[in-house]
Amino acid sequence: MHKVVRFGVSLDRDLLEKFDALIEERGYANRSEAIRDLIRNSLVTREWEAGEGEVVGSLTLIYHHGSGVSDKLTDLQHQHAGSVVSGMHVHLDEENCAEILVLRGMAKKIKEISDSLISSRGVKHGKLVMTTTGKEVP
Ligand code: NI
């Protein structure tokens, strides 16, 4: 059981009003919960920026159907089978496909794999979102 500590924060009134509006919009129960999330988010970002620990990444790729990208993406996933946990293919319309991959491993490696997929010829757009497995974040 973690010990809970209370602390005071001095803030500009306007800033606090904007923060209160934001947390209401996002559905937080109270300021404490919103501040806890901000702190956790900062810690997670630092963890993966530093390349320490294991991360989970979701990579979304958009590419033109029939451009040969599909085979190339499959080859790359086979090469990194230990890091690619799962994948989903969505046929968006007659011309476009989306590939959504879940990757798991060291941040540096996940970033490298994602960069090589995103920069593949024929990929129109790609975006990696990384988070942590949470082991180091209370
Ligand atoms: Ni498709």
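Quick notes on this one:
- Residue exposure proxy: 88, 130, 106, ordered by other Cβ atoms within 10 angstrom of their Cβ from fewest to most, comes out as 88, 106, 130.
- Set of aspartates and glutamates with alpha-carbon distance to residue 135 below 12 Å, sequence-local pairs under 8 removed: 47, 52, 54
- Under 19 Å of direct C-alpha separation, and excluding same-chain neighbours fewer than eight residues apart, residue 18 reaches these aspartates and glutamates: 33, 37.
- A straight Cα-to-Cα reach below 16 Å connects residue 111 with the lysines 127, residues fewer than 8 places away in its own chain not being considered.
- Ranking 5, 81, 45 by how far each Cα lies toward the positive end of the dipole of the chain (charges on Cβ) leaves 5 at the top.
- Taking N as the residue count of segment 1-60, its C-alpha radius of gyration divided by 2.2 N^0.38 Å amounts to 1.44.
- When each of 75, 37 is scored by the number of other beta-carbon atoms lying within 10 Å, the sequence from fewest to most is 75, 37.
- Packing-based exposure ordering (other Cβ within 10 Å, fewest first) of 78, 2, 65: 2, 78, 65
- Descending Cα extents along the principal axes, segment 35-126, whole Å: 45, 28, 20
A short reminder: the numbers here are calculations on the coordinates, not readings from a lab. These figures come from a predicted structure and were not determined experimentally. Ideal geometry is used to build each Cβ from the backbone, glycine not excepted, and the neighbour counts take in all protein chains shown.
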